[in-house]
Amino acid sequence: MALLVVLGPLRPATGTAEQPCSSYPTPGAPASASAEVRADLAAEYSVFRSPQRSIDMLRPAQLSSLKASGLVMSGTRFLGYAAGGGRVYLVPAQHLLSLPLAPARCLSSVQRLIEQESLPVLRREYQQAALCIVVLGAGAMTQDCGPAKGTSYALLSAKGTPAFGLVPNGVSAVTVTFPTSPPTTVPVHRNFFVVVAPSQSAPACGVQWLDPTGNVSATPSGCSYLTPQTHELNAYRGYVASKLSMLRSQLAALSSAIHSGNLATARSAWLTAHLTWLEIGQDDGAYGAFGPLGGQIDGLAAGHPGGTTDRGFTGFHRVEFDLWTRRDLGTAAADTATLQTLLSRLMKVPLSQYLPATANGIGNWLLRPHEVLEDALRDTLTADDDYGSGTDLASITADVGAERQLLSELKPGLDLFSPHLVANATAELDSLMRAIDATRVDGDWASVQNLSPRQREQIDADAGAVLETVAPIPDLLTSTGTDAPGD
């Protein structure tokens, strides 16, 4: 063993015979017949404490390609079956070793070069005991070796077997997550679980360990939904781009209506444009995705020292204040021109910058189905964002449109984990729309302040029901495991 610490092109002392190359550790070499599984591993995996059966035994020749040295043959254990009759074995070893360790004279020129470059890594590996998982039969051999301590082999896959793995004592079952199919929970037997599904092409991407009470004790491997959610985020970007293009034309129509001097036409044009903006995703633009610029486009007077007279108060609500409260078309024309400039600035920046397909970007986007109606409850149904138009209920209908769009884009992923969520949320949105429609008189919008207590309570209750239903979406579509997108 000491030779390994000072490994190099060793030369024997004068007059002594060179040590045979076979005496140096090589991958796949068995330990002595008396070797036993380390006590700490036997304590962690009870499968080692059970007597070795005939089916547990393997021949050294079957394991000669393993990337470990000092294989403890008395510790080999049969764990279970993979697809096609493949047999899964657990093989302990005294050392993790991916390449031969030997003096230069024992190696080929290529092996010497590899050893020279890999020696520090090989030495660190060799100091660690190893556990190997081997799948024999089914027309092929699958094998992997890693450090014995830690969460080795929490989640593996093979052809026809999208998930199998090794678990320590105390884990009674596991819940396995797949990127394109529903999660499944399977029991643990002899520190091993397996999901055999020959028709399933995609391997599992996450696993949770469950204790005997059914609670999650650990999530050693989690799915990253960055890739599938990127596709859905791209669809949302396309939706936003179409709304912004429509909005540009609608603001031009608003400007023309104001310049024509027709107040009623101007008010109608304002409402049309404002609802298009809200269909993107409530208030300051897709829940803050547009940053300060979104606040300038649809922010409130609250927070500005001068309130509605403050120069910093701009955007839709400033024009609303001009048209309904001040009834001043001249000021409305100037403020609409400012709004058009703000929109132009917004549209000059690629949407990928506002809605990035990064872990944080996607995580924030997945909050939006909840935040759209949460903002509506806070600002719109309290009339805090009413500057004279009395169109808050119309704004809620635009929020419902944004909510439906988001749910339609997220539906494929949500259906895997919560098959009824989108259907339930859709029914609740329908109920909310019916409650709003019931308040209209001759097609005119009722202001929030003029609602009866019963009408107000019904709308609040329906909006609250949707919020409760969509609240789990971020948890369902992001991972809590080691591959999580991030906070």
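The values are calculated or read from the model by the stated rules, or taken from the named source; none is laboratory data. Everything numeric here is computed off the predicted structure, so don't read it as measured data. FYI the Cβ positions are ideal-geometry reconstructions off the backbone, even for glycines, and counts take in every protein chain you see. Ligands, DNA and RNA are excluded from the accessible area calculation, which covers all protein heavy atoms including side chains. Shrake-Rupley method; radii C 1.70, N 1.55, O 1.52, S 1.80 Å.
Here are a few things to note about the model shown:
- Residue that is open to solvent by 50 Å² or more (accessible area, probe 1.4 Å), part of a helix (DSSP H, G or I) and within 19 Å of Leu410 (Cβ to Cβ), where the choices are Ser268, Ser242, Ser249: Ser242
- Members of the range 129-141 found to be under 33 Å from the mean Cα position of the chain (by Cα) and either modelled with pLDDT of 90 or more or crowded, with 18+ Cβ neighbours inside 10 Å (or both), listed by number: Ala130, Leu131, Cys132, Ile133, Val134, Val135
- Of the residues making up the range 83-102, those that are open to solvent by 10 Å² or more (accessible area, probe 1.4 Å) and assigned to a loop (DSSP other than H, G, I, E, B) are Ser98, Leu99, Pro100.
For every residue, the table says whether it meets (1) within 17 Å of Leu251 (Cβ to Cβ); (2) open to solvent by 20 Å² or more (accessible area, probe 1.4 Å); (3) at pLDDT below 95.
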position	(1), (2), (3)
Leu278	yes, no, yes
Gly281	no, no, yes
Phe290	yes, no, yes
Gly294	yes, no, yes
His304	no, yes, yes
Phe316	yes, no, no
Leu323	yes, no, no
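- For the range 103-122, the criterion of being open to solvent by less than 30 Å² (accessible area, probe 1.4 Å), at pLDDT below 95 and part of a strand (DSSP E or B) is met by no residue.
- So Ala435, is it buried (at least 17 other Cβ atoms within 10 Å of the Cβ), at pLDDT 95 or above and part of a helix (DSSP H, G or I): yes
- Matching residues, the range 183-214, being open to solvent by 30 Å² or more (accessible area, probe 1.4 Å), in contact (Cβ under 8 Å) with a residue 24 or more places away in the chain and not in a loop (DSSP other than H, G, I, E, B): Thr185, His189, Val194, Gln208
- Of all residues in the range 56-82 being open to solvent by 60 Å² or more (accessible area, probe 1.4 Å) and closer than 20 Å to Gly165 by Cβ, the one that is farthest from the chain's Cα centre (by Cα): Lys67
- Top-ranked residue of the range 154-182 - restricted to ones that are more than 14 Å from Val195 (Cα to Cα) and modelled with pLDDT under 90, ranked as least open to solvent (accessible area, probe 1.4 Å): Pro179
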